[in-house]
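The values are calculated or read from the model by the stated rules, or taken from the named source; none is laboratory data. For clarity, every value in this text was computed on a predicted model and none was experimentally measured. Glycine also receives a Cβ, built like all others from the backbone with ideal geometry; neighbour counts cover every protein chain displayed.
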Amino acid sequence: MTPHFAAATESAIPIDVIEAGSFDHFLKHAPAQTAAWAKANGFAGKLGQVLTVPGPDGIARVLVGWGTEPQRQRDRLFMATAAAQLPEGVYTIASGLNGPALEQAALGWLLGGYVFDRYKEKPAPKAQLVAPVGVNAARLEAIAAGDYLTRDLINIPASDMGPDGLEAAFVKLALAFGAKTAVIRGDDLLAQNLPMIHAVGRASDQAPRLLDMIWGNESDPKITLVGKGVCFDTGGLNIKPASSMGLMKKDMGGSATVLGLAQMIMTLGLKVRLRVLVPAVENSISAGAYRPQDILTSRKGLTVEINNTDAEGRLVLADALTLADEEEPDLLICKATLTGAARVALGPDLMPFYTDNDGLAGDISAAGTAVADPLWRMPFWDPYEPMIEPDVADLDNAPKGGFGGSITAALFLRRFVEHKDRFVHLDIYGWTPSPKPGRSLGGACQSARAMLEVIEGRAAK
């Protein structure tokens with residue numbers, strides 16, 4: 001499914017977006033029939049409220065409530081709700097919005113059109129929107145397409161999206177944009193000094209691998225994306241209970257999100273040299289599985305004591321981040337469904353991010369607000385460093401005590417990056433547990449729009 005706007009047509013049904021505080025003003029200037037119909041049906045401009053106004057040949061126009069500013073902060077993509085309520089037809093936003101609000105409404109409409117129908121045919125939304133005048137339609141379509149890609153990859157179960165399937169999707173995307181790819185697979189990971197990726201994935205019947213993509217001109221700013229690609233996480237020998245294993249097809253959500261972001265960047269032709277690294281593994285159980293109390297030596301040379309095989313994501317990311325950092329990118333972005341602690345702290349809809357660079361943190365926070373892709377800065381809290389330092393190795397992959405789990409995981413990852421002022425880690429969830437405007441139940445593309453905004457700003461400079 002490809003998100004797109006409808007072609008402009010004179011028969012498009014106009015939509016008036018009405019702020020709650022401006023409803024009385026609207027009534028004074030609206031045609032008498034429209035005003036009477038709105039009053040009779042209790043329309044008051046509440047956020048997401050939709051009213052079709054009849055005309056001689058069907059729907060004459062549509063009224064959509066824009067609510068109040070506090071309401072809009074709670075329902076960021078309200079136009080997706082409106083689109084879902086409208087019958088088949090072509091619509092155009094005629095009044096009530098401009099600037100960023102108009103762009104956000106149009107994007108909400110596109111994002112609300114996502115349907116996952118790989119395994120079961122489902123009716124697609126039939127209401128289409130003409131691209132509003134003044135918005136960059138091609139850019140919004142590119143963003144929505146990247147979002148769709150991420151959701152598709154997460155929603156596909158591990159039976160079809162194991163390391164083999166993730167590699168196929170990775171290579172397909174690279175080929176579509178003429179990017180170069182390299183894959184290091186199986187025991188070649190040991191030969192090329194990526195031992196922790198190998199250790200985590202070696203128990204699966206699908207070999208562990210590192211996927212590497214490069215696109216763009218070498219002279220442009222170097223942007224590197226690293227995404228956790230644990231295609232299914234049983235917990236390993238520290239096996240998860242059933243209640244915790246049910247959503248583990250989404251444990252490759254970090255890789256899915258960086259691929260969605262990469263597609264946005266390449267579609268828009270940003271002036272960057274893009275590199276994407278995905279350690280693709282399945283954390284399985286077999287005679288070859290790595291064990292609690294094993295000590296692994298990483299690519300960086302740091303030793304890691306394994307105190308829980310269910311803390312595997314940070315291990316595969318450590319080797320990938322070390323490799324990424326070796327070429328000194330201008331910006332190194334890590335995305336991973338890394339800890340349940342992040343969800344306990346901030347819930348499923350607000351993504352924590354970590355960076356030592358205050359300027360970069362400010363840019364990320366501002367971008368998240370601007371594009372309704374919320375992010376919240378969390379600290380690399382140095383006093384917690386001893387929590388990840390065991391007696392018998394350099395690092396502990398699962399500190400005891402259970403406190404500050406998202407922070408200690410972030411601190412662990414930072415140990416593998418030398419150029420720390422260029423590094424940002426996002427502990428994403430990758431899932432929408434209940435439907436919301438523009439975000440259906442299932443896989444979620446979180447933080448990609450915000451980071452695209454940041455990357456665009458840096459590319460422009």
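Specify the residue that is nearest to A398 (Cα to Cα); the eligible residues are those in region 295-327 that are part of a strand (DSSP E or B) and touching a helix residue (DSSP H, G or I) at 6+ places or on another chain (Cβ under 8 Å). Please lay out each step first, then the result.
Going through region 295-327, the residues part of a strand (DSSP E or B) turn out to be 295-297, 303-305.
From the residues that got through so far, the ones that are touching a helix residue (DSSP H, G or I) at 6+ places or on another chain (Cβ under 8 Å) too are 296-297, 304.
Details: L296: 13, T297: 16, V304: 10 Å.
Top of the filtered list is V304.
Among the candidates S243, S255, S219, single out the residue that is among the small types (G, A, S) and not in a helix (DSSP H, G or I). So that I can check it myself, show each step before the final result.
Values: S243 fails: not in a helix (DSSP H, G or I); S255 fails: not in a helix (DSSP H, G or I).
Answer to the selection: S219.
Quick check on L317: is it under 25 Å from G359 (Cα atoms), surrounded by 23 or more Cβ atoms within 10 Å (Cβ to Cβ) and assigned by TED's automatic domain parsing to the domain that holds A409? Give the derivation first.
On the way: under 25 Å from G359 (Cα atoms): yes; surrounded by 23 or more Cβ atoms within 10 Å (Cβ to Cβ): yes; assigned by TED's automatic domain parsing to the domain that holds A409: yes.
Considered against the rule, which asks whether it is under 25 Å from G359 (Cα atoms), surrounded by 23 or more Cβ atoms within 10 Å (Cβ to Cβ) and assigned by TED's automatic domain parsing to the domain that holds A409, L317 comes out as yes.
Pairs only if they're at least six apart or on different chains, beta carbon under 8 angstrom, first in region 165-184 and assigned by TED's automatic domain parsing to the domain that holds G216, second at pLDDT 95 or above and of a type in the set (F, W, Y); list them, first residue then second.
Close Cβ pairs (under 8 Å, with a partner that is at pLDDT 95 or above and of a type in the set (F, W, Y)) amount to A174/W215; F177/W215; G178/W215; A179/W215; K180/W215; T181/F170.
Which ones in region 222-234 are touching a Pro at 6+ places or on another chain (Cβ under 9 Å) and not in a strand (DSSP E or B)? It would help to see each step written out before you state the result.
Filtering region 222-234 down to residues touching a Pro at 6+ places or on another chain (Cβ under 9 Å) leaves 222-224, 226-232.
Hit for region 222-234 is K228, nothing else.
Output the residue which, of all residues in region 207-227 that are touching a Leu at 6+ places or on another chain (Cβ under 9 Å) and among the charged types (D, E, K, R), is surrounded by the most Cβ atoms within 10 Å (Cβ to Cβ).
So the first thing to find is which residues in region 207-227 are touching a Leu at 6+ places or on another chain (Cβ under 9 Å), and the list is 207-216, 220-227.
Then keep just the ones that are among the charged types (D, E, K, R); that gives 209, 212, 220, 222.
On the way: R209: 26, D212: 19, D220: 14, K222: 20.
Among those that are touching a Leu at 6+ places or on another chain (Cβ under 9 Å) and among the charged types (D, E, K, R), it is R209.
Which condition number in (1) closer than 21 Å to L129 by Cα; (2) not in a strand (DSSP E or B) is the one that K39 fails?
(1)
Starting from region 391-415, keep only residues that are of a type in the set (D, E), then list their pairs with residues that are modelled with pLDDT of 95 or more and assigned to a loop (DSSP other than H, G, I, E, B) whose Cβ atoms are within a distance under 7 Å, requiring at least 6 positions of separation or different chains.
As it stands, the answer is D394/L302; D396/N307; D396/E389; D396/P390, since those pairs meet every condition given.
Among the hydroxyl-bearing types (S, T, Y), in contact (Cβ under 8 Å) with a residue 24 or more places away in the chain and part of a loop (DSSP other than H, G, I, E, B): which single residue out of T9, T92 fits that description? Outline the logic, then answer.
Values: T92 fails: part of a loop (DSSP other than H, G, I, E, B).
Answer to the selection: T9.
Being in contact with a His (Cβ under 9 Å, 6 or more places away or on another chain) and under 16 Å from V64 (Cα atoms) is the filter here, so list the residues in region 94-150 that pass it.
Q128
Which ones in region 329-375 are buried (at least 23 other Cβ atoms within 10 Å of the Cβ) and more than 16 Å from R422 (Cβ to Cβ)?
A336, T337, L338, A342, M351, P352, G368, L375
Between A203, A207, which is in contact with a Gly (Cβ under 8 Å, 6 or more places away or on another chain), of a type in the set (G, A, S), in a loop (DSSP other than H, G, I, E, B) and over 17 Å from R291 (Cβ atoms)? Can you show your working first?
On the way: A203 fails: over 17 Å from R291 (Cβ atoms).
The unique qualifying residue is A207.
Tell me the residue from V133, V183 that is within 24 Å of S11 (Cα to Cα), among the β-branched types (V, I, T) and more than 20 Å from the chain's Cα centre (by Cα), please. Walk me through it before giving the result.
Working: V183 fails: within 24 Å of S11 (Cα to Cα).
Sole residue among the options that is within 24 Å of S11 (Cα to Cα), among the β-branched types (V, I, T) and more than 20 Å from the chain's Cα centre (by Cα): V133.
What number goes with the only condition from (1) touching a helix residue (DSSP H, G or I) at 6+ places or on another chain (Cβ under 8 Å); (2) modelled with pLDDT of 90 or more that D75 does not pass?
The one condition D75 does not meet is (2).
Just give me the residues in region 65-83 being of a type in the set (A, V, I, L, M, F, W, C), closer than 13 Å to V17 by Cβ and not in a helix (DSSP H, G or I), in sequence order. Outline the logic, then answer.
First pass over region 65-83, keeping only residues of a type in the set (A, V, I, L, M, F, W, C): 66, 77-80, 82-83.
Right, trim to closer than 13 Å to V17 by Cβ and you get 66, 78-79, 82-83.
If the condition is that a residue be of a type in the set (A, V, I, L, M, F, W, C), closer than 13 Å to V17 by Cβ and not in a helix (DSSP H, G or I), then W66 is the only one that fits.
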